[in-house]
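Notes to accompany the following structure.
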Amino acid sequence: MNPSSSQTGARLLVKNLEAQGVEHIFAIPGAKVDRVFDALLDSPIKTHVCRHEQNAAFIAQGFGRITGQAGVCLVTSGPGCSNLTTGLATATSEGDPVVAIGGSVSLADRLKQTHQTMDTVSLFRPVTKFSAEIDSAQAVSEVLANAFRTAESGRPGAAFVSVPKDIMEGAAPGKVLTPVGPPSPGGGDPTALAKAARILNGARSPVILLGLMASHPQNAAAVGEFLRAVRLPVMITYQAAGTVPRENLPLFCGRVGLFHNQPADRILDAADAVLLIGYDAVEYDPCLWNAGKSRPLIHLDVLPCDIDNAYQPTVEITGNIALSLRALSPLLQAKPGAEALTLLTEITRELSAIRARGVSLSGAPVHPLRLVHELQELVTDDMTVISDVGSHYIWMSRYFQSFGPRRFLASDGQQTLGVALPWAIAASLCRPREKVISMSGDGGFLFSAMELETAVRLKCNFVHLVWRDGSYNMVRIQQLAKYGRDAAVEFGTVDTVQFAQAFGAMGLAIRSAEDIGPVLKKALDTAGPVLIDVPVDYRENAALVAQMHPDVIH
């Protein structure tokens, strides 16, 4: 692309975004960054105006999680930038690529107490992989290229770019340096692969634990091939949901995470060797599942692990996950241990009984297992299901089955309230011909509910269920387990149906378990966003934290 002397910094920035293949930007405008919005008027990139900067970051994060390519958000200076913090922290801790662009005052005003001045580069360093300011016209393309490269490399995460007003408005005759992609590392070291194979082949009861990077779009197919070839018991973290192929169900132990009291934890506890693929400690604290154990751990990931008192791998295989798995697979002759197979039979029967119980739970308010059952009956493999954080997130993460990588999404690292509706917008844009079902508690719903207007405007095709009980219930059950009483968890009621109608969406209500199927079918047959109010019966939630010592309750 030929440089132009009349080209502004804003236009050069937009050209880099176009070359990078960016199709959507989630944004809130402002005076310090309006030159970029003006340049976007002449671009094929679709600019989607949001109602809060945090939600713009969440939508970009959802886009990054689903596609593996960085989602982009654009906001103005000062509080416009600081409102991104939670979204970028969530993206970085959960491995989702995002590039956030934030306006700032002119370079000459950076050290003055002037309107909306803020050291945003320093603000974002702790919660991003990359945080930099474009401090000259010559740096526009360089900073953008490095932001995308860093956000999408290794374990993906957020990058922040500060764009001063005068740099965006001034001449920038530089050239475009995008597209750039993440570097492509080779597979793991052959010596490490051979050592890992010896450990697994010699183990009495080896198991596989899949983490978030196992479900990354570039890795999921290779992980599926590996599991078909290596017939060992396999369990997954919440963020690796859907990575185990259907044909591996006889060896699938279930999901683990958050609390150490799941059926699959019994097999993990009994294992004498564990192969962890794409795992990060933020998904499931090692102190909960590996403290005091001396068995060998094999860490296979794109990055070395963080050493922990309870996590010191015997072997680290770092590099391209897909290539490492394809090299490791032919070296393995490991077989499931007899004890693991016995336990697997027991927990498969136990999980089946729990799910089957959901069929018989009737009446009002609705039991969570009945909701999970009804959703399972209606959801197909090509649908995306999204859970916000709350008690419903535990029920769904434990008992809702998914058979496609990144088809069941939840915030597992930061456990951030309010992600579900913005992620549903992202899923609707990424997968426009597919239906999306999202859900939140009535607490988390109002963290981002204003974005329903955005969803209506964009004609997003999703159904969002609000599990209503009038409290921050996930907090309540942990308080009760620790102290025997709860504090500061109750709030008032919002009429979900009228709320939906006020925004131009359809609002429906489930009043009893018998309503679930018909109401869900009506919602799925309706174009555009649909909100459904569901009163839930959380009286059995104490079982979610049962058999646990208070010291391990978060």
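The values are calculated or read from the model by the stated rules, or taken from the named source; none is laboratory data. Source: prediction; values computed, not measured. Note: ideal-geometry Cβ built from the backbone for every residue, glycine included; neighbour counts use all protein chains shown. These accessible areas exclude ligands, DNA and RNA; they are computed on the full protein's heavy atoms, side chains included. Shrake-Rupley method; radii C 1.70, N 1.55, O 1.52, S 1.80 Å.
Numerical summary
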{"item": "With all protein chains modelled, accessible area of S324 [1.4 Å, Å²]", "result": "0"}
{"item": "Selection of trypsin sites (Lys or Arg not before Pro), segment 396-453, meeting DSSP coil and at most 15 other Cβ within 10 Å", "result": "R433"}
{"item": "Cα-based helix-to-principal-axis angle, 9-19 vs the chain, degrees rounded to 10", "result": "40"}
{"item": "Added length on full extension, which subtracts the Cα-Cα distance from 0.36 nm per residue, E169 to D34", "result": "47.7 nm"}
{"item": "Reported label for calculated log10 I(q)/I(0) by the Debye sum over Cα atoms at q = 0.05 Å⁻¹ given (i) -0.21; (ii) -0.37; (iii) -0.24", "result": "(i)"}
{"item": "Largest-first principal axis extents, alpha carbons of segment 213-282, Å", "result": "30, 25, 20"}
{"item": "For segment 93-137 versus segment 1-59, the gap between their alpha-carbon centres in whole angstrom", "result": "16"}
{"item": "T416, T348, ranked by accessible area, largest first (probe 1.4 Å)", "result": "T348, T416"}
{"item": "Rounded to the nearest 10 Å², the accessible area of S93 at probe 1.4 Å", "result": "30"}
{"item": "Reach of K175 by Cα under 18 Å, taken over lysines that are not fewer than 8 positions away in the same chain", "result": "K15"}
{"item": "Modelled FRET efficiency - R0 45 Å, D525 with R326, Cβ distances, 0.05 increments", "result": "0.55"}
{"item": "Linear extension gain, S294 paired with R349, 0.36 nm per residue minus alpha-carbon span", "result": "16.8 nm"}
{"item": "Length-normalised contact order for the chain - Cα pairs under 8 Å, 6+ apart - percent", "result": "13"}
{"item": "Normalised convex hull volume, segment 88-238, alpha-carbon set, Å³ per residue", "result": "143"}
{"item": "Directionally averaged shadow of segment 412-460, computed from the convex hull of its alpha-carbon atoms, nm²", "result": "3.6"}
{"item": "Helix 190-202 vs. the chain, principal-axis angle (Cα, 0 to 90°, nearest 10)", "result": "20"}
{"item": "Percentage of interatomic Cα-Cα distances in segment 304-381 larger than 20 Å", "result": "66"}
{"item": "FRET efficiency, K459 to D495 (Cβ-Cβ, R0 22 Å, nearest 0.05)", "result": "0.35"}
{"item": "Prolate/oblate/rounded label for segment 1-104 (Cα gyration tensor, a/c 1.5)", "result": "oblate"}
{"item": "Å² of accessible area per residue within the chain, as computed with a 1.4 Å probe and no ligands counted", "result": "37"}
{"item": "Prolate/oblate/rounded call for segment 353-397, Cα gyration tensor, a/c under 1.5 rounded", "result": "oblate"}
{"item": "Solvent-accessible ranking of L480, L421, largest area first, probe 1.4 Å", "result": "L480, L421"}
{"item": "Beta bridges per DSSP with both ends in the chain, % antiparallel, nearest 5", "result": "5"}
{"item": "Heavy-atom accessible area ranking, 1.4 Å probe, most first, across E94, E490", "result": "E490, E94"}
{"item": "Share of carbon and sulfur in the accessible heavy-atom surface of the chain [1.4 Å probe, %]", "result": "51"}
{"item": "M396 accessible area, 1.4 Å probe, all protein chains in place, Å² to nearest 10", "result": "0"}
{"item": "C-alpha long axis of helix 420-430 to longest principal axis of the chain, angle in °", "result": "70"}
